[in-house]
Structure formats: C-alpha cells, structure tokens
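For reference, the structure is listed below as structure tokens.
The values are calculated or read from the model by the stated rules, or taken from the named source; none is laboratory data. Given the structure is predicted, the values throughout are model-derived calculations rather than measurements. Glycine also receives a Cβ, built like all others from the backbone with ideal geometry; neighbour counts cover every protein chain displayed.
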Amino acid sequence: MTAVEPRSEASVRASKRTEVLENRPVNLDGFVEEWPEKGLVAMESDFDPQPSVRVEDGRIVELDGRTREQFDFMDTFIADHAIDVDTTEAAMATESVEIARMLVDPRTPRAEIVALGRGLTPAKILDVVKLMNVVEIMMGIQKTRSRRTPANQAHSTSAKDNPIQVAADAAEGAVRGFAELETTLGVVRYAPLVAIGLQVGGQVGRGGVLTQCALEEATELDLGMRGITAYAETISIYGTESVFVDGDDTPWSKAFLASAYASRGIKMRFTSGTGSEVQMGNAEGRSMLYLEIRCILMAKGAGVQGLQNGSISCIGVPGAVPGGIRAVAAENLVASWMDLECASGNDQSFSHSAMRRTSRLLPQMLPGTDFVCSGYSAVPNKDNMFAGSNLDTEDYDDWNTIQRDMQVDGGLRHVREDVILQVRNKAARALQAVFAELDLPAITDEEVEAATYADSSDDYPDRDVLADLEGARSVMERGVTGLDLVKVLERTGFGDVAENYLQVLRQRVSGDLLQTAAIFTGDFVPLAAINDANDYAGPGTGYRLSGERWEELKKLRHVTSAENPEEEVV
Amino acid sequence: MGEPVRVVVGVDVGNSTTEACLAEVAGDRADRVDRLASSLTPTTGVKGTPANTAGAVTAVRRALEAAGRPSAVPDTVLLNEATPVISGLAMETISETIITESTMIGHNPDTPGGEGIGVGTTVALAELGGQDGPVVVVVGAGADFDDVAERVNRAVADGVDVTAAVLHGDDAVLVVNRLTRRIPVVDEVSAVDRVPLGMLAAVEVAAPGRTIRTLSDSYGLASTFDLDSDQTRQVSPVARALAGNRSAVVVRTPAGDVTDRRIPVGTLTVTGSGRSLDVGVDEGAEAIMEAIRRVAPLTDVHGEAGTHVGGMLAAVRDTMTDVTGQPSSEIAIRDVLAVDTLVPTTVQGGLAGEVARENAVALAAMVRTSRSRMQAVADEIAAQLGCEVLIGGVEGEVAVRGALTTPGTAVPIAIVDMGGGSTDAALLDRDGRVSAVHVAGAGELVTKLVDSELGLEDRDAAESVKRHPLAKVESFFHVRHEDGTVQFFDAPLPPHVFARVVTVTPEGLVPVPVRTTLEAVRTVRREAKRRVFVVNTLRALAQVAPQGSLRLLGSVVLLGGSALDFEIPAMVADALAPHGVVCGIGNVHGTEGPRNAVAAGLVDVHAGLAEPVGAP
Amino acid sequence: MTSDVTELTPADYPLSINRPELLHTPTGKALADITMAAVVSGEVTNEDLRVTPDTLVMQGRIAESMGRRQLGENCRRAAEMTAIPDEEVLAMYNALRPNASSAEKLEEIAARLEGTYSATTCAALVREAAQVYAARNLLAEED
Amino acid sequence: MTAAVDSVRTLSLREIGPAERGTRPEEVVIALSPAFGDPFTKTIVDVPHAEVIRQLLAGIEEQGGVARTIKVYRTADLAAIAHYGAKLSGSGIAVGILARGTTVLHQRDLARLSNLELFPQAPLLDAEVFRMIGSNAAQYAQGRSPRPVPTRNDQMARPRWQAKAALLHLKEFECIDHARAAVEVEPVITRVD
C-alpha cells in the first residue's frame, strides 16, 4: 500500500528548524505519490495511448490506437465533430517537437498553429505539450489565447444568500474591472433574488458587465431566457464515457444544450478540468491531462465558443501530484490553442500557502488569458458559495501590486475608497427600489447603510428568509423578466443603471456575444476574438500594457508622491 | 347617455398593505359605479406619513395595469384619513430558579440508564476502590463507556457497594448495559467537575415515560437524607424544582440551596379617568389588565425609567415623534395588552444546563395620534399622477361601509380588522353613527409568543408556525395533518422533512425545529392566537358595543389579512357565538373577500352610493 | 433563410456596430428601435429581445470565416431551435440524457424536429446520438 | 488483518452468512464498503475502523436500538452501498460507510442518490460524529425525529485531502469483487493493551 502512512510522529527529537518547517502552511497541503495505472498522474504516463489516425472514405476510422469498433463515445464524438478530416493525416505526420516549437516560436503566426491543431488527435496534442516546460507553456498561452485583451471574472455570492450583499459586491467588482460576474446559492430557491441582485449591482459598477448564476441546467437556462442573467458557464463535461454518464449527460446532450443557449442569444461556455475523472474513480488508466484534452476537443466539436478549465473544483488532485500545476497550465494552453475562449481556473481554494497560491496563478496571469480567474472571489472566501477561491477580497491589493510590479494586466485596478463606497451604496439603493416596486420584502435603509460599508455577510442585518423565499417564488411565478427590471430601474430614478442593463439585453438581438471570447468594453463595444483577435508575434507585438491603462495600474493604495514625499499619490 | 364618466381610485393605506380600488363613476347623480380592478402592495413607511406616497402610487398604477389601462390618468384619487398607529413589543422574564453549592442536578437527559434510586458518598472514578460505605461514582469528561463499566465492575467485584453513577458524556445506557449490577445512572451532566466529592448524594431514575417519585417529594428527600423537620422545610424548593423530571441527582452539602424568586422588572404607571395606578410587571398579566380596566378609558402609560418596560414604551413614543413631529410629551400610549407566558430558561448555578420554564409577561403597547400627515401624501400623489386627490373618511368608518357590501349583512354591523400591530374594531349603528377603536396586540405578538414558548429563537420559523397548519411526516410517502387526515404522495418527500413536525405551506413542507410533538406545537399556536386575537376581538368589540354589551352588536364582519387565516375566523366566531353574535368573513362587494373594504368604501362614499358617515 | 448576406467577413463584426442595418428583432424592429423610451412606452416587449434565426446564421457565417467550423454549425442548429418553445427544448435535452430514451423515442424527436420545425441539422444530431447510444448501451430499457 | 499499532482496539469482521432482509422494525443496518476493516483499518484522518464501528453501535445502543452489520463487495459507490443496506433493514434505515470514512444515512424509500443525512467530508468525521450518526440512525428507525448531526465544513479540506481521498477511492475500487455477494458480519472488537 502507498501513501496511507500517518504523518511523521515526533517520537524522535527534531531540530528547531524542522519544527519551524513543520509549522509552515504548505505542510497543511496534501501530497500523494503517482499511481499511473489508475490515472493518478498529471501528464506523463506510460498508460496513455500512442497518437495515430486513419481516414477512410472521408471518415476517421482509427484514433489513437483504437479502431472505430473500439471507440467509446468520446472517441466517436471527437472523430466525427472535432477533428478536421481533410487535414488530419498531414497534421499528424508533423513531428511533435516541430509542433511544440511552432507553439513557442513567435515567428509562427497564431493562425498557422491553430489551423494545424484542427487536425490533431488527443494523444498527439498530449505528445506535443509533454515536450514543453512551464515557461514554454506560458509562451504558448501568450500566443494562442483567442482574445487580445486579457480579462477577469469574479464570484459574487453570500453565505446568507443575501441579495443586497451580492449587489454591493457585484458593483464593487465591476468598478474594480471584472468583465464577468458569477453567483450561486446556498439555498437554491433564493436564486431569482440573488441573480437580480447580481445583475442590478453589476450594472451599477460600470457598463458592460455580464452576469450568470450557477444552477442546475433547467433553472439556469430559465433565468437566462428571462434576461435576468446574461451568460452560462456551469455546463460540465468529462473525459471518460463512464464519468460523463455518471454526470447524466453525453456529448450529444451537451451539444444540444449548447445550441439551445445560442438559440436564445445567450453566451455560454462548458466547464471541465484535470482530475475530475480520477476523483470519481473512473479515469480508465489515463493521465489527467490526456482526459482533459479529450474534454477540450469534445467542447470544440460541440461548437461551444469557450471552456472554463484549469482543474476547477478538482484542483486538490493535480495539486497533489508531481508536475500537476504544469499540467493545469498545459490544459489552459490546449484550450487556447484549440481556438476556444479559455476561462483559466484559479477559482477554487488551492493551498494553505500564500507562496503556492501565487505560483499557481502566474502561468495564467503573466501570459494573460481570456479570463485569468474563472472566479476571483469578490467576497471574503467564507462568503464564497463556490467553496472558496484561490484569490479573494483580501488579495485585491496584492493582485494590484503584482500587476504593477510585473507590468502585467490581470484585468483589475485599484479604486479609490470614495468611489467604492459610492457604487456600493448606489447598488444597494437601486436594489432597494427594485424590491419595493416588485413588492418583494423591503430592503431597509439600515441594510443599504450596511451594504455601503460591509466586508462580509456578518456585517448585514439578517433578512426575513421565509418572506424572501416567498418573494423569490413570486418572481418566477409572475414571470418577471430583465425588461421588467429595466423599466423599474428607469421609473425609480436609476436611469443610467437601466440604460446599462438594456444595452446588455439588446445585444441578444445582435448575437454578437455568441462569438469566441466576446465581452463588452465599458462602452458596450463587443470585444471578441474577431475584432480583438490576439496578434501576438513576439516582442513588441500583441497586447502591451501601456498608455492610459498602464497609468491606471500604477496606482495603489499607498504610493509616496515624488513631487511631495510627505504625501501619497491619490 | 351623455353623462361624463370619471375614473376614480380609492386608496387605503394600512399598516402593512396599501390597497386600491379602481372604478368608473358615471354622472353627477353617481348612481352607477363600475368597479374595474383592485390591487394590493406593501405599505411604504409608517402609515399616515409622507413615505406612504410611493406605495400609494404603486397601488394606483397596479390597479390601472390590472384594468388594462397602464397609461390612463385617473380623474380622482381618494385617500383614507389614515391615523398612524405604532406598536411595540416587549417580553420580561419575571421568575428565576437559582441553585447554590451544586446541591441538585434535575435535568432530563434523553437517555438516562438503569432505574430506581441509589444513595451513597460521591467518589471520583479514578478514586474508586476500597470504600466501605455505599458510593455514587462521578465520571468526568473524556471517559470511555467500556472503560467506565469495566472499572465499576472491578470495584463491585472487589466488594465496593456502588449504588449509582453520574456521567459527563451521553453514555448512561451504554454503561448500564455493561454493568454486572444494575444501578441508576444520570448522564450529560456538563459541569460534572463541580459536583462536590465526599458528600452524601442520591441518584434517581424513573422508568421510561414515568417521573421520579422520591427526590421530588419533600418527605422522600427527608427519608433519603435523614432530615429533621426544619431541614425538610429548607429542602422543599429542591423537591419542587425536581418535580416532573425522569431523573435527578441531589447532593447534600452544608450550604446548598435552591431558590425560586421573582425578578423585579419595573412598574407600569397607568393613567385614565383622572387617576393613576402603579402595577408591578412581575405581578403578571392579569394584574396589569385589571389595573388598565380600573382606569378605563386609558389616557397614557409610563414604564419605570431604567427598566426594559420603560425602555420599550419610550421607544414606541420616540418612533411616533419621528413620524409626526409631535413632541414626545404629547404622545400618549392608548392601549396595552399583557399576556402571561412561559419561557424556557437555563437555571443559574445548574450543572447540566438544566432548563426551567420560567414565568414571563409579554406586553404590546400602542400609540395613535390625531395628527395625520395625509395631506402631504395627497399633495405628492397629485403631483406624481397629475390628478385630483381627495382625503376621505376615517378608515374605520369607511371600512364599515365596505364591509356592508358583503352579501347578507345589514345595519347594525361591526367590523374587526386584525393586523400585525393592532386590532381594530368599528360599529355602525342603526342611527348611522360609527364608533371605532384600536387596541394593542395582534399578529406580531402571536409570533413572539410562539417563538419564545417553543424555544425556537427563530422568528421565521415562528411566523411559519403561526401562518400554516401543521403535519407530521410519517413516511416518505405520507403525512398526517393536524386534523388527523392522512395525505399520500406519489413521489417521495424531501429527506429533510422525514419524521418531522412540519408546517404545510404553499412552498411545500417546512420542518419546525422542535423536538416536541405536533400536538404540543399546535397547542402553543392556538393558545397564542386565543390569548391575542380572541381576547383582543372581545376587548375591542366591547369598547364599541352599545353599553359595552356584545349581545347588542348583531353581526360582526372580519376584515384584513388575518381574516384569511386558516383558523382565526373560526376561533373568533366560536368565542362570539355565546353572545348571540353572527360572525363571518367579509366578502366586499361579493368578490373581494376580506380585502379592499376601505378602498371600495371610499369609492362608494365618493360616488354617493353610500352616505358619508361621521362627516361634519 | 437569409440569402442576401452570404459575404459576411470578420470586418463586419460586431454586427451591432458595423452592420446594424442587417439586424432586426423577431417582431421586425430595427436594433435602433430598442430605446429606453420604447421600453417604457411598452412598444418593446420581451419578444423583441430575442435573436432571430437570420442573425444566428449570419453570426455562424462570421465564425466560419474565422475558421471556426463547429461554432458555425452550432449557430445553425441554434437558428433552427429558435422556433421551438422553451419547455420543449428542455424536454428534448432531457430525452438526450443517457439511458433516458428508447431508440423509438429518439427517432420520434428527430422526426418532430424535422417535420414540425424544419430543424434538419438538429434532427441529424439526435439520430447520430441514437446510433451511438445503441452501440454503447445507453438507450432506456424497454418497458 | 489487525489494526495499526497505535490503535487500542482492533476490528475483525466475522462472517455470519449471506446478507438478508431483516424483520425487526426498529433495526438499523450498518453497510460497509469492500475495503472497510479489511484491507483498510482506519479512515482518511486515521480514525481506526474499530472505533468507527464501536461508536456507531454505541450511538444506536444508547437510543435503545438494535443493529446488524453487512459488508458489500459488488460496489464501492456509497449511495449504492447505503441504499442496499436500507433495503435489507427491518426499519428501512441504514448507515452506509466507506473505508475512508465518508458516511451517509439512507432510507429505503428514497431515491438512491438522495439521502437522510450525508457526511461527505470524511476528514471532518471523528469518533464523536460517528456516535451522533449512530444515535440519529436509531432514532430515525424508531420513527423519532432527531436533530440532524451538525455538519462541519472546511474550505481548506480540498487542498489537504482531495488527492488522498481520490487515492483511497481508487484503492477501494480495487477491492470490488463482482462475484461476491454481500454478507452479514459480526464486528468483533478486541482491545490490545
């Protein structure tokens, strides 16, 4: 047996230094030995298949050592939907090392390497990224990420499902720069009120913020169709057939769902990540990264515009095996390379060690991704109903400082206290007006005051939960829609918020947000991997942090003025 | 044919809801009123204050939308003359039990072990062995049940006379099952380390479903501890405190005592009919209500400064000052309702978190003022909607008019409107005179009583118990409702309600966080409603009834949200039946149920269908 | 469906800014008609805030012009689905879950997609699923 | 196999016969996973299996209940193990438990994936919690209405235990024996001091 020995007991005398080291937070993290036969291995396993492909009559009949009769449904879906039959044999004939070098080499344009990627099988892609060290992987991400301008996403939730807290933190998150805001619930029946709080708060912070509420598929889609949320993300997919079926879905059901969202004009991405299959005990002896590459190709085959990956809720598994965080970076690279929008993890409690948390973050933050965090906790982690994130509100100033140190754009900025107080207050007041107009349980002035100055859910008066749930039910029953909320906001004197919200709804008509990696600028200009396609081609090209944005990121909470060293820059 | 048709909206600003009734009124003779729609929305701000405007405007808009004319502008909005009524609640515990020197452990662990009584000297487990006389073993925290049993068995085998045991953990049954000799064992004594050692002690455990007989009886204690008559008198509070328990421990210490005392919680000074009376809150509800009756009609009440009661009454006054701008000295408390209740309270000095049901008094107080600021509301509504706004009759009077449209009613008629903070009554007599009254105490007080008597400490749960009938989930496929009927389900019920007492709500079944039976919860709920709604209905009606006689009332119509409650109307009707009063739920205009009486009444009065009443 | 805008290129994106004249709501309003005034007056309703099949086809063409074949196909399926009511879309999705439907049931859905909604691409996806489910033992047990 | 050296009690599971449906209306079935007791001897946080069983049984006994223990070999899926136990239980109540400690209270009329009380975070389960779980199981079996065992939560359990849990899960899966039917066992707890 392996790895079930208890931690070393202090039966023999240990040095003082050992004591110090024993007490370091990193030793609270769990680490395990690899077990490749069972798939408990990051990305280098003798049990992964060898790359191969064979095409007959315009159809792939062999994939990574298996013939069509031997295909499981992942093989079938990938062969029939993801891989480009016309180019696959030529692409597969290219040496893996050559492809790996193309990924790193700035002189190979993104379009060329993406086109080549369309013909590769999962085992071949794995073979390529296995050749790359973590710096090369970051080089690859820098080049292949689909949108030119990096962005970030936040979690805005409440341990008490308090919609006022969600609104205030959404407003602060928006003004700090997040392009997307996501929420979920403790008590699911609260969803309509919390989703309204998120939407209203998000539109107060600044224009162009998109929101979503993670729920089971039917309700999530319902809120989306009513225009109370603007996108969807928690559509999980898995790398083995057995785990996919355990999740009560198939590639075909998920592909159908992807089209359903698009048919309502709603932006959507899938979610997957290394470690989920071995966590559920059905990795079928494959490495975590091999299985994740299958997920990425499945997502691509379904025609969904993007993917949230980077282990996500299973981060403790790759995080515990050797090379695991390299594998996590590699999965973000593959998602980007396969021309999908990549919301790149960094969204779950990862480590007790602040150093480890930061090092896990850099492979996404330094090259930039479409969303560096697919959930930076814009509430204190104890209020995070996604079970905690790698970063939370306590880390705002650290994040801003790292951006300034490295001259890297992680999508956030320092915001002056008075601005934050003002948007938090306004968000709470706007929601107060909405609740009053919709006959929902009143939000008191005391609650508005609390929201303005609060940190966590502890700082708010308790709500009448039963009355709120009754209100939530009536919102669904009465068929309240996003348009109703716009009207209420306009009528109650929050015309600018109403206008922002209407702009978000209006975009459904254009379908512009359905394109790869689409977000809004603050002026509601859609920014996708079309009009803002990544054009990195080596030093001096691509997205560079400069000009007005760089000036903005130079600001921190405390910076001594050069002009008058007795004062700080404001 | 050529008569002008005007759109009129009656708006009733109530304590918690604002109602509107939209109608078309034809012609000056106004012999035709076409009611088009009604609406209901929460009242904004304290009733009778400018903050009401938002709710009133919403109610008007809603009614217009419901009538399919969202962009229409009404010709006239009619507002009721809403009198601000503010109520406050307080609850004071007035008795307490105090144990000194750890003489007694009288709590009821779920599962004591063994049966019978054992008397001996207290000895710690670690010291067990070699004792001559009978011993009671005292076992501290962290002991394992197997170890305890083994150790006691060894001592018994060595000849020690172990007669009983007291345990820290929840292990009594486990220990007893492993002992060679059957002894009574009391467990879950959280402060077991404070049990004095080397003292004579007695442990008694009754059979399941029974209560102890010896330690809960003064003479039983006397025989057990060999006491003389003076000593027996001294220990009688111990016996009293232990009555009703399934298990108990008594340790005889030189200075140990149990006292049961009244807590002075301040006095109320009630004023009326030109005189003032002082009454101690700790004298109980009956004494307080008697004092109020003696000074009737009440003109004001003050609470002793520096006490909770004083603070509560001051807060009610302050709120009214904020609302009306009247100085606090001009604001009078016009009614108080006192109710006796029992509150589970942890006994001071107890060793096992013993809980006693202590006496408490709950008070509801009410202030009203004649100075309404409805004109300000009217002006703002006029500005926002761009129409004429008129302030109509006093609500009680208009409500009677609305109630009178209930099919089958006739003058004289009385109405009762049971709200959240106050219970209101009005009477229209044969001469067309209307008298109206507000009394303190309504839904909020019921919630508070349910909350404290069930020990919920959860207002939401108490509110749910108040509003919805109960049921017991007997399996995943059926529940037994409180009326005894059984309901079956095709799909299994959610696991969190399994085996629980639940409220049956439109949202589904909601567990009530208690461990008592459905019957106990039901009794608490009905008693709370009876002591507040029934008592108040009788009290309020007596104040408007001719010569104070309910028999002269004729018929009583129940209005407002509480009239929609599943049991209050029946409880009130039962209470009124002996007085020969016909009591029923209002059905305004035969369609609106108990809602919309004032709003509809305003329109009718305006249209001349009904004579304005009480007008100068 | 739309046939006069076959030549969309990446330069046309975003349509809301570069080609608003091509966009309309399901009730035939122009994008510019969705104003706050129109919302307040009730001229704009929820029905207006939906994407049309034509628009989805156009977005699909733009995606394909960027080399995103599958995203283009997804847009085409979505265009077909705009006609299907919400509840039925969800019911069809549930029927596609593993072990949820018999081969007959899936064929019934495919036929309905094809016949009632002219959703041929969607129907093909369902038939393909039925084939794979049969091979992988993921059809519902026959009663 | 005996427990680790630092354990004061060992557990052995003496096979009595095939697992059958019980008839006593108040009984609780404790359904053990394939690796419970043998080859594994302790939970993910080193609570000895002997102690887990002893505390579950004590909780049931303290409430005046009776228990039967079965061991399941054909599946390592906790919901399936517990639901199977519930179907065999005279009261319909079962406690299902995995070798790593994850525990669920199940009832036979519930859907397999539903439950009465679930304790998904094995690292947070200690002897005291197992006692309360046993006590609640007995109370459900008697038709009483216990307060649910307070659930604990630790966001940092993920970085510390997620991978070890996966490893133990894989090991448990290796112990699945599709050919072997569930058996009723008598837990024999022996002190070794």
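Suppose we filter segment B:490-531 for residues that are within 13 Å of another protein chain (Cβ to nearest Cβ), exposed (fewer than 14 other Cβ atoms within 10 Å of the Cβ) and of a type in the set (S, T, N, Q); how many remain?
So the count comes out to 1.
If we keep just the residues of segment A:26-50 that are touching a Lys or Arg at 6+ places or on another chain (Cβ under 8 Å) and facing another protein chain (nearest Cβ under 7 Å), which is nearest to A:Val321 (Cα to Cα)?
A:Val32
Is it the case that D:Thr10 is surrounded by fewer than 16 Cβ atoms within 10 Å (Cβ to Cβ) and of a type in the set (S, T, N, Q)?
No.
Which residue out of B:Ser39, B:Ser71 is without any contact (Cβ under 8 Å) to a residue 60 or more places away in the chain, hydroxyl-bearing (Ser, Thr, Tyr), over 30 Å from B:Gly280 (Cβ atoms) and part of a strand (DSSP E or B)?
From the options B:Ser39, B:Ser71, the qualifying one is B:Ser39.
Out of A:Val317, A:Val334, report the one residue that is crowded, with 24+ Cβ neighbours inside 10 Å and within 14 Å of chain D (Cβ to nearest Cβ).
Criteria check complete, one pass: A:Val317.
Pick from D:Ala79, D:Ala86: which is assigned to a helix (DSSP H, G or I), within 13 Å of chain B (Cβ to nearest Cβ), surrounded by 24 or more Cβ atoms within 10 Å (Cβ to Cβ) and small (Gly, Ala, Ser)?
Working: D:Ala79 fails: surrounded by 24 or more Cβ atoms within 10 Å (Cβ to Cβ).
Selected residue: D:Ala86, the only one of D:Ala79, D:Ala86 that is assigned to a helix (DSSP H, G or I), within 13 Å of chain B (Cβ to nearest Cβ), surrounded by 24 or more Cβ atoms within 10 Å (Cβ to Cβ) and small (Gly, Ala, Ser).
If I ask for residues that are part of a helix (DSSP H, G or I) and within 14 Å of another protein chain (Cβ to nearest Cβ), which ones from segment A:422-445 would you list? Full working, then the answer.
Here is the first cut: in segment A:422-445, the ones part of a helix (DSSP H, G or I) are A:422-437, A:445.
Across segment A:422-445, the qualifying residues are A:Arg429, A:Gln432, A:Ala433, A:Val434, A:Phe435, A:Ala436, A:Glu437, A:Asp445.
Taking helices (runs of 4 or more DSSP H) that do not extend beyond segment A:461-519, which have at least 3 residues that are within 7 Å of another protein chain (Cβ to nearest Cβ) and modelled with pLDDT of 90 or more?
A:482-491, A:495-510
So B:Gln487 clears everything in (1) touching a strand residue (DSSP E or B) at 6+ places or on another chain (Cβ under 6 Å); (2) under 28 Å from B:Thr345 (Cβ atoms); (3) surrounded by fewer than 17 Cβ atoms within 10 Å (Cβ to Cβ) except one condition, right? Which one?
Answer for B:Gln487: the failing condition is (2).
Does segment C:40-66 hold any residues that are over 13 Å from C:Thr82 (Cα atoms) and surrounded by fewer than 17 Cβ atoms within 10 Å (Cβ to Cβ), and which are they?
C:Val40, C:Ser41, C:Gly42, C:Glu43, C:Thr45, C:Asn46 - these are the residues of segment C:40-66 that are over 13 Å from C:Thr82 (Cα atoms) and surrounded by fewer than 17 Cβ atoms within 10 Å (Cβ to Cβ).
Looking for something in a helix (DSSP H, G or I) and facing chain A (nearest Cβ under 7 Å) - is there at least one such residue anywhere in segment C:5-12?
Checked segment C:5-12: at least one residue is in a helix (DSSP H, G or I) and facing chain A (nearest Cβ under 7 Å).
From C:Glu80, C:Glu88, C:Glu43, which residue is more than 14 Å from the chain's Cα centre (by Cα) and either more than 30 Å from B:Glu65 (Cα to Cα) or not small (Gly, Ala, Ser) (or both)?
Numbers: C:Glu80 fails: more than 14 Å from the chain's Cα centre (by Cα); C:Glu88 fails: more than 14 Å from the chain's Cα centre (by Cα).
The conditions single out C:Glu43.
Output the number of residues of segment B:315-336 satisfying the condition of being surrounded by 15 or more Cβ atoms within 10 Å (Cβ to Cβ) and in contact with a strand residue (DSSP E or B) (Cβ under 9 Å, 6 or more places away or on another chain).
Total satisfying the criteria: 11.
Would you confirm, using the coordinates I've provided, whether D:Phe40 is of a type in the set (Phe, Trp, Tyr), closer than 22 Å to D:Leu124 by Cα and touching a strand residue (DSSP E or B) at 6+ places or on another chain (Cβ under 8 Å)?
Judged against the criteria, D:Phe40 is not a match.
Please find, among B:Ala540, B:Ala563, the residue that is modelled with pLDDT of 85 or more, touching a strand residue (DSSP E or B) at 6+ places or on another chain (Cβ under 7 Å), closer than 26 Å to B:Arg35 by Cβ and part of a helix (DSSP H, G or I).
None of the other options fit; the residue is B:Ala563.
Yes/no matrix, rows are residues, columns are (1) in contact (Cβ under 8 Å) with a residue 60 or more places away in the chain; (2) within 14 Å of chain D (Cβ to nearest Cβ); (3) crowded, with 24+ Cβ neighbours inside 10 Å; (4) not small (Gly, Ala, Ser):
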{"residue": "A:Arg356", "(1), (2), (3), (4)": "yes, yes, no, yes"}
{"residue": "A:Pro367", "(1), (2), (3), (4)": "yes, no, yes, yes"}
{"residue": "A:Ser374", "(1), (2), (3), (4)": "yes, no, yes, no"}
{"residue": "A:Ala387", "(1), (2), (3), (4)": "yes, yes, no, no"}
{"residue": "A:Leu391", "(1), (2), (3), (4)": "no, yes, yes, yes"}
{"residue": "A:Asn400", "(1), (2), (3), (4)": "yes, no, no, yes"}
{"residue": "A:Arg404", "(1), (2), (3), (4)": "yes, no, no, yes"}
{"residue": "A:Arg413", "(1), (2), (3), (4)": "yes, no, no, yes"}
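Facing another protein chain (nearest Cβ under 10 Å), crowded, with 24+ Cβ neighbours inside 10 Å, modelled with pLDDT under 95 and outside any helix (DSSP H, G or I): is that true of A:Gly265 in this structure?
Numbers: facing another protein chain (nearest Cβ under 10 Å): yes; crowded, with 24+ Cβ neighbours inside 10 Å: yes; modelled with pLDDT under 95: yes; outside any helix (DSSP H, G or I): yes.
For A:Gly265, the condition - facing another protein chain (nearest Cβ under 10 Å), crowded, with 24+ Cβ neighbours inside 10 Å, modelled with pLDDT under 95 and outside any helix (DSSP H, G or I) - is met.
So which of C:Ala110, C:Ala91, C:Ala63, C:Ala79 is touching a Cys at 6+ places or on another chain (Cβ under 7 Å) and assigned to a helix (DSSP H, G or I)?
The match here is C:Ala63.
If you check A:Val509 against the conditions, is it surrounded by fewer than 16 Cβ atoms within 10 Å (Cβ to Cβ) and more than 18 Å from A:Gln142 (Cβ to Cβ)?
On the way: surrounded by fewer than 16 Cβ atoms within 10 Å (Cβ to Cβ): no; more than 18 Å from A:Gln142 (Cβ to Cβ): yes.
Criteria not met by A:Val509.
Does segment D:136-151 include one or more residues that are within 14 Å of chain A (Cβ to nearest Cβ) and under 19 Å from the mean Cα position of the chain (by Cα)?
Filtering segment D:136-151 for residues within 14 Å of chain A (Cβ to nearest Cβ) gives D:151.
Going one step further and asking which of them are under 19 Å from the mean Cα position of the chain (by Cα), we end up with D:151.
Among the residues of segment D:136-151, at least one is within 14 Å of chain A (Cβ to nearest Cβ) and under 19 Å from the mean Cα position of the chain (by Cα), which makes the answer yes.
Which one of these is hydrophobic (A, V, I, L, M, F, W, C) and either modelled with pLDDT of 95 or more or not assigned by TED's automatic domain parsing to the domain that holds C:Ala129 (or both): C:Ala100, C:Ala32?
C:Ala32
In segment A:235-275, what residues are on the phi > 0 side of the Ramachandran plot and touching a Pro at 6+ places or on another chain (Cβ under 6 Å)?
Correct list: A:Gly275 only.
Check every one of the strands (runs of 3 or more DSSP E) wholly within segment B:116-188 and list those with 2 or more residues that are touching a His at 6+ places or on another chain (Cβ under 7 Å) and closer than 20 Å to B:Asn245 by Cα.
Working: elements: B:116-124, B:134-139, B:161-167.
Once the strands (runs of 3 or more DSSP E) in segment B:116-188 are filtered for at least 2 residues that are touching a His at 6+ places or on another chain (Cβ under 7 Å) and closer than 20 Å to B:Asn245 by Cα, nothing remains.
Filter segment C:67-94 down to residues that are more than 7 Å from every other protein chain (Cβ to nearest Cβ) and out of contact with any helix residue (DSSP H, G or I) (no Cβ under 6 Å at 6 or more places or on another chain), then give me how many there are.
So the count comes out to 8.
Output the residue which, of all residues in segment C:31-54 that are part of a helix (DSSP H, G or I) and in contact with a strand residue (DSSP E or B) (Cβ under 8 Å, 6 or more places away or on another chain), is nearest to the other protein chains (Cβ to nearest Cβ).
It comes out as C:Leu31.
Table: residues versus (1) in contact with a Phe, Trp or Tyr (Cβ under 6 Å, 6 or more places away or on another chain); (2) closer than 20 Å to D:Ala163 by Cα.
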residue	(1), (2)
A:Val317	no, yes
A:Gly324	no, yes
A:Trp337	no, no
A:Ala343	yes, no
A:Leu362	no, no
A:Cys373	no, no
A:Asn384	no, no
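Does D:Gly65 meet the test of being over 19 Å from D:Gln139 (Cβ atoms) and either more than 14 Å from chain B (Cβ to nearest Cβ) or touching a residue at least 60 places away in the same chain (Cβ under 8 Å) (or both)?
no
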